[in-house]
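Each remark here refers to the structure printed beneath this line.
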Amino acid sequence: MKDPLVERLLFPPTQGLRAFYHICFWVLFILLHYAYALPTLAQKAADPSVTLAGFAYFAKTIPEYYICIGIYNVLRKYIHGFFLFFILLLSVILLNHLVSILLFLWVDYAFGLEKMPERFRMFAQMYLSPFNFQDINSWLVFTVDLSEAQFFILPVALKIVKYAAEENIIRQKVQNAALSMELKVLKSQINPHFVFNVLNAAYAKILPISEDAAEYLEKASEILRFSLYETTDEFIQLDKEISYLNRYVELETIRSQKRCKASIQQHGEICEQHSIPTLLLITLVENAFKHGVHATRHNSYVDIRIYILPDSLEFIIVNSKPQQPVMRSKKNDRSGGIGLVNLAKRMEIYYPGNHKFEKIDADGEFRVTLKLPL
């Protein structure tokens, strides 16, 4: 989706313009369907009551559609696939049945069904007749409800096109951001072999003087090696990501001069086939140290809990919030927020409707819960 005009048409920039698009669509929708049915109403089309009843008959699709969209938005968080489709279809049938009964009762009260065309009266009789569970003819009314599901084809098709376009736009923006970041890294990157040789030489020089400093340098070398060679793929094995996470936490703990208490608890076994998007967890860890540890000179903490199930991963990270944070530029604050926003977008792309990403900003601490399928 590269055409900005198409993008503006599909995704209007203001709520007012979006409402205007919806109103225009539904007006055209009703007019087209009414024009299609006009030949059957030719004898009484001049009667205003018939015209109004005909418009109301097609207009009832509007509330039914938005109610079904609301049901879909709620249910898709919990159920998927054919079961979700079945419930939505059942909702369409029941909604259409209920709204049709209300419509025919209103027409009968306002104008009288005897003034309506024969076909309209026939449908009204089907819906308003007492329902007999033992009479098969009473059940035939639901076949009419099912046939009227065709009215949803056009708006649902447009909704699917818009959803697919939105997914494409989000994916393209994330890919462009990744390419831009990769280009910046390539522009500033020194030959990695030269860097490793320098670090190894420095390690050999520092080791006799300070084992702690040499250990810190060795961990930094391992992290650099990982970031250069292990993060090129879109997905990474879970054990590698957690291994990198452990080394990063160790390095940050040393860097904070022991004023930070960092703990990592891992529950469950990692299988070889377990994989996640690359650098997904480390983004949360970096954010916790940046805004919870390095933003203050006082004692702080980072608590990480990892729960590994056969088919899902739950990652919880809690960090202290500084009471008197050190001075930081607004640019740094924005960059931290962008990191979490991009992470949320990645989750929507990889696991649409099948993940949990929750942030809780409470007094004294910041908590993030991430749950995704493996």
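Taken together, the values in this text are just the output of simple stated rules run on the coordinates, not laboratory data. What you see is a predicted model, and the numbers here were worked out from it, not measured in a lab. So basically every Cβ, Gly included, is an ideal-geometry build from the backbone, and we count neighbours across all protein chains shown.
See the values below:
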{"read-out": "Those residues of region 78-93 whose amide nitrogen sits under 19 Å from the label point placed on Gln150, 7 Å along Cα→Cβ", "value": "89-90, 92-93"}
{"read-out": "Euclidean distance of C-alpha centroids, region 105-137 and region 277-306, integer Å", "value": "66"}
{"read-out": "Full-extension gain in nm, Arg121 to Ala165, via 0.36 nm per residue minus C-alpha separation", "value": "11.6 nm"}
{"read-out": "Whole-percent pair-distance distribution, where bins are 10 Å wide, for the alpha carbons of region 232-283", "value": "22, 48, 24, 6"}
{"read-out": "Simple spin-label estimate for Lys321 and Leu75 in nanometres, 7 Å along Cα-Cβ", "value": "3.8"}
{"read-out": "Given Lys261/Lys371; Lys162/Lys345; Lys77/Lys371; Lys240/Lys371; Lys240/Lys321; Lys159/Lys359, the pairs whose alpha carbons are separated by over 22 Å", "value": "Lys261/Lys371; Lys240/Lys321; Lys159/Lys359"}
